[in-house]
Amino acid sequence: AWSIIFSGLILLCGGMICLLLWSFARRWPFPAGLPTEWTLLTWKQNSAELIPLFETTANLGVAAAAIGLLVVMIWLYLQQQPNSDSGLTQEWWVYLPLILPQLTFLFGIQILAIFLRLEGTALLVLWVHLVYVLPSTLLLLAEPWRSIQLRFRKVGQLLGQSAWRILWSVQLPMLRPLILMTMAIGFSVSLAQYLPTTVAGAGRWSTLTTEAVSLASGQDRRLLSLLGIWQSFLPALALSLAWLLRGPAWQKNF
């Protein structure tokens, strides 16, 4: 297991180093191991143009991750109530977007969006991102939530505490590291959505991912490398913030 993790880290670091080298390269002829000429023009000329893409990508990711986390937490909270509807326990349909081919699944959403006159709107783009963020969030949070709820709900009830008090005082503090990490992963899932953004946005919404894929077949490797760096920076920032804000409960309970 450690060899797989170590190999993955080497590939990741190697890819990031190549992106950095290409973004600063002015001339890199084959078979030279390093660029023969260096320049900052790629960063100076394109950084200002990437700010709107950066903002759109970050706003979509944060909104999708936050809404997805809130919906999943409400779902799991309602499940633990004694009088909850048994239909809440049926979760298989939530994972259908991860199983079905994206193109066929999104085609149906596009037809519905045209019928409802929502094509190209921010609401539709956010909703389509949620379709893929929700399964990932539920997959990460469901089992730890139920495990802690099962153990501490009985103790809280014996002490005469309400379900809301148990949730607020026990479950959420203990799950804080996992909740932060789940939100960071949900943000990363939203950032990676190329086809959903293109289909739902009807070409009106551009993110770092859509622009990177569009430039992948082009000849400007420097600009593509710059986009790749920014695209890698956002998930790394989200995961780093989740790690920094995890609190002392991380080492004690997870």
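Looking only at the range 213-227, which residues are over 20 Å from ARG27 (Cβ atoms) and assigned to a helix (DSSP H, G or I)?
From the range 213-227, those over 20 Å from ARG27 (Cβ atoms) are 213-214, 216-217, 227; that's our starting set.
Within the range 213-227, VAL213, SER214, LEU227 meet the criteria.
When you go through SER169, SER240 one by one, which is the residue that is surrounded by fewer than 16 Cβ atoms within 10 Å (Cβ to Cβ) and either among the charged types (D, E, K, R) or at pLDDT below 80 (or both)?
Residue meeting the stated conditions: SER169.
What about VAL128, is it at pLDDT 65 or above and open to solvent by 20 Å² or more (accessible area, probe 1.4 Å)?
no
Between a residue in the range 1-29 that is farther than 18 Å from SER232 by Cβ and any residue that is of a type in the set (Asp, Glu) and in a helix (DSSP H, G or I), which pairs come within a Cβ distance under 6 Å, given they are 6 or more apart or on different chains?
Cβ pairs passing all conditions: none.
Tally the residues that are modelled with pLDDT of 85 or more and buried (at least 19 other Cβ atoms within 10 Å of the Cβ), restricting the search to the range 206-223.
Number of matching residues: 5.
The values are calculated or read from the model by the stated rules, or taken from the named source; none is laboratory data. Predicted, not measured: the structure shown is a model, and the values here were computed from it. Because the Cβ atoms are built from the backbone with ideal geometry, glycine has one as well, and the counts that use them run over all protein chains shown. Just the protein is used for accessible areas: all its heavy atoms, side chains included, with ligands, DNA and RNA removed. Shrake-Rupley method; radii C 1.70, N 1.55, O 1.52, S 1.80 Å.
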